[in-house]
Structures are given as structure tokens and as C-alpha cells.
Amino acid sequence: MSPVHPLSPLPALPVRLARLEAFVFRCPIATPVRTSFGVMRERPAVFVRAEDDGGAVGWGETWCNFPACGAEHRVRLLDTLVAPLAIDRAFASPAALFTEVTRQTAVLAIQSGEPGPIAQVIAGVDLAVWDLCARRAGQPLWQLLGGAGDDIAVYASGINPERPADTVAAELGNGHRAFKLKVGFGEERDLANVRAIRDRLGEDGRFMLDANQAWKLDTAIRMAGLLEPFAIGWLEEPLRADRPVDEWQQLRAATSIPLAAGENLLGEAAFAAAIDGGTLAVVQPDSAKWGGISGVWPVLERIRAAGRVYCPHFLGAGIGLLASAHLLAAAGGNGMLEIDVNPNPLRTALSPALATIDDGRVRLGRAPGIGTQVDPHAIRALCAGA
């Protein structure tokens, strides 16, 4: 297990960007990815390329899963809104760039009713800039951020409600030792799937549940009671992320199952309220959805101070997954990296360091930055052949 060490301040590395670009990729998939609120019938990705005035390059990823048409919209936001604010200006650090661009777009985010998409674009830029800085320094990102090592725990995520025990059996063979099942498909089906996985793993096997905001408070309390006997590691987003903290507190008081959330929180204040409310045992910011590294880093400090567990949320392509992995390695602690096990060429081709899972753990290595090479032409050919 990686030791818990004090978080280092984010390094103040000067940045002057000469170019920002975003690329949309879409890969067809044979088996749709199902959640309680929607179905993904293809795997989209928005990758951000940042280049500084010295020619150094870095890559980031912007969240774009739902709705599927949103990927192109985020590219337009980068081209017309964010890039003009970020390029040809000197910033004292990536965090200074993040703060300034966030400040300059704050009113427009309210006026347009699009705080989420704008924040997601800025997050992708921030990830790209940190990757650029690490590559420029010749260091892996986890090391640049002050991490003590590259070894992290992982878990198999995105397990669909169709024959989930078979998926678990296959992923055990691939080295996974912890699993997360999607629920929210009706009481009978959810309980049958939970029972099948517990039977497959035995009483000591580790698995968690993700309801994807499916339930109202009364349903969540009832379901939590029915799930208690199955030794669930955590119950993720049993309620909508925007429900009042007192509803989360009522649910927390009604169950011994640890609660998890965070992927749908936006901004430090929202995370502060969720953490200080005392309901979450596991906090799951998604660095491609809000904050990048610069925004999430202060949240990690708050998570640690409150004695909670940081487990990054991620369900996208390989660039964002690697950035999440390096962020987790830098943070230390006993959190786990979420690895979606549904087929996605945009994940597997771009995250080779995560291909080998040894007894539930991976090593990120010492390649500069996030440790992957990105060739847009090759990626387009990959998607065309998928």
C-alpha cells in the first residue's frame, strides 16, 4: 500500500502557451454501456493538446460522455472561449492559468447556463498543461507533483447489469481484485446481481455499488437496508448530487454502508460542503470534469484533513485515465483508481501502463508526463477500424 505523505504544494512552473487545440474522436462499440440514466452506444473522447512557446507539448482530456453530441460543443468552447484567454500570456504556474481562466469565464458560465461544459474544457486544458510541464521537466507527472511512488491500487468499474458475475470472473483473471457494479435498475434485478457477485467473490471479496443518482431518499434507505447483508464496500451516488445535505445525512444515519460521491460536484465550495457535511466516506472528484489538477489539489488536502478516502472518478479514454492515475499516485493514501472494463479502444490504446494489473495494482513507470504518446492520425485510424 502506498504510504500517506504530506501533500507538497503544487510547483510554480512558468507557462506561456503558444497553441491550444482540441480533437474529437468516436469509437463504435458492440456492447452499450448502461447506467440508470442513459446508455452509451459509442465511446466519444475530447483530447486537448497544449504547446508552449518553447515547443513542449502536453495532452489532457475533457469529459464528454453524456449527451453524446456534447463532444463537438466542448471543442467549440475551447476554440472560441478558452483558448483566446490562455494563449500568448505568461502565467506563473498552471494553477495561475487555471484560476485566471476560471475567473474570466465565471460570469459567462452563469449567463450561458453552461457552468459544467465550460468547467470541463478548462479542466482538460489544465490536465494538458500539467502534462506539458512534466514532459518539459523530464519527469513522470506523479513525481513532478511530489508523489513518493508509482504503485497504485485499481478496481474494475462500469460493470453492466447483464450477467455481471461473468464480468467479475473474467476480470479476476485479468488481475482485478475489487469491483464496482452498476445498480438502479429495479429492486429485484439489483439484488439478484449483487447476490450473484457476492457468491462469485465469496465473503471476503471486495465490491462496491454505483446507483448513478437513481433513487429518491425513501428508496435509497430501503435499498441500503436490503444491501446491508452483502458487505458492500461503498454505495456511490444513491441520491442525486444536488439533493440537500440533510437528505444525505438521513441516509448516512440509516445505513452502515459507506457513502461515496463527487463526480458531479463543481467547485471547491461544493466539495467543502459535501465533505464538511460528514456524509461521505469516499470522495470522488473527476479531474476531467472539473478542476483538472490545479482545482482538485486543494480538495485533496480537505479530503485528507477530514480523514476521508480519495478515489478519483473517471469513465472516459486513456489520457484522462492516466492523468487520474498520476494524481492518485501523487496524493498517496489507500484510494483506488477506477478502470472501466467495458471495451474502449480509446482507453486501452492510450494507457499502456495500465494494461498489466498484478493482484489489483499497477505501476505507472517513469516516462515523462503521463507516459503515453498521442498521434491523432493513428487514433482516427484506430476508431475507423474498431
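Quick rundown of the values:
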quantity: Odd one out for TYR310, checked against (1) of a type in the set (Phe, Trp, Tyr); (2) within 26 Å of ALA71 (Cα to Cα); (3) without any contact (Cβ under 8 Å) to a residue 60 or more places away in the chain; calculated: (2)
quantity: Whichever residue in the stretch 190-221 is of a type in the set (A, V, I, L, M, F, W, C), closer than 14 Å to LEU172 by Cα and in a helix (DSSP H, G or I) and, among such residues, is least open to solvent (accessible area, probe 1.4 Å); calculated: ILE197
quantity: Some residue of the stretch 156-178 being aliphatic (A, V, I, L, M), assigned to a helix (DSSP H, G or I) and within 30 Å of GLN373 (Cβ to Cβ); calculated: yes
quantity: Close pairs from the stretch 86-113: first over 19 Å from ASP131 (Cβ atoms) and touching a residue at least 40 places away in the same chain (Cβ under 8 Å), partner assigned to a loop (DSSP other than H, G, I, E, B) and open to solvent by less than 80 Å² (accessible area, probe 1.4 Å), Cβ under 8 Å, at least 6 apart; calculated: none
quantity: Scope the stretch 369-386; condition open to solvent by less than 60 Å² (accessible area, probe 1.4 Å) and modelled with pLDDT of 95 or more; matching residues; calculated: GLY369, ILE370, GLY371, THR372, VAL374, PRO376, ALA378, ILE379
quantity: Selection from the stretch 54-87 of residues that are open to solvent by less than 40 Å² (accessible area, probe 1.4 Å) and among the hydroxyl-bearing types (Ser, Thr, Tyr); calculated: THR62
quantity: Residue match in the stretch 336-344 (condition: more than 20 Å from ALA169 (Cα to Cα) and crowded, with 20+ Cβ neighbours inside 10 Å); calculated: no
quantity: Matching option when the condition is farther than 29 Å from ALA106 by Cβ and of a type in the set (Val, Ile, Thr), among ILE339, ILE303, ILE319, ILE275; calculated: ILE339
quantity: Helices (runs of 4 or more DSSP H) contained in the stretch 52-124 and holding at least 3 residues hydroxyl-bearing (Ser, Thr, Tyr) and either over 19 Å from ARG347 (Cα atoms) or modelled with pLDDT of 95 or more (or both); calculated: 94-112
quantity: Any hit, the stretch 89-101, residues being acidic (Asp, Glu) and more than 22 Å from the chain's Cα centre (by Cα); calculated: yes
quantity: Which listed residue, of ARG347, ARG308, ARG304, is buried (at least 24 other Cβ atoms within 10 Å of the Cβ) and over 10 Å from the mean Cα position of the chain (by Cα); calculated: ARG347
quantity: Odd one out for SER256 among (1) surrounded by 15 or more Cβ atoms within 10 Å (Cβ to Cβ); (2) touching an Asp or Glu at 6+ places or on another chain (Cβ under 8 Å); calculated: (1)
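The values are calculated or read from the model by the stated rules, or taken from the named source; none is laboratory data. This one's a predicted model, so the numbers in the text were calculated from it and none came from an experiment. Backbone-built Cβ (ideal geometry, glycine too); neighbour counts: all protein chains shown. Side chains are part of the model used for accessible areas, which takes the heavy atoms of the whole protein and leaves out ligands, DNA and RNA. Shrake-Rupley method; radii C 1.70, N 1.55, O 1.52, S 1.80 Å.
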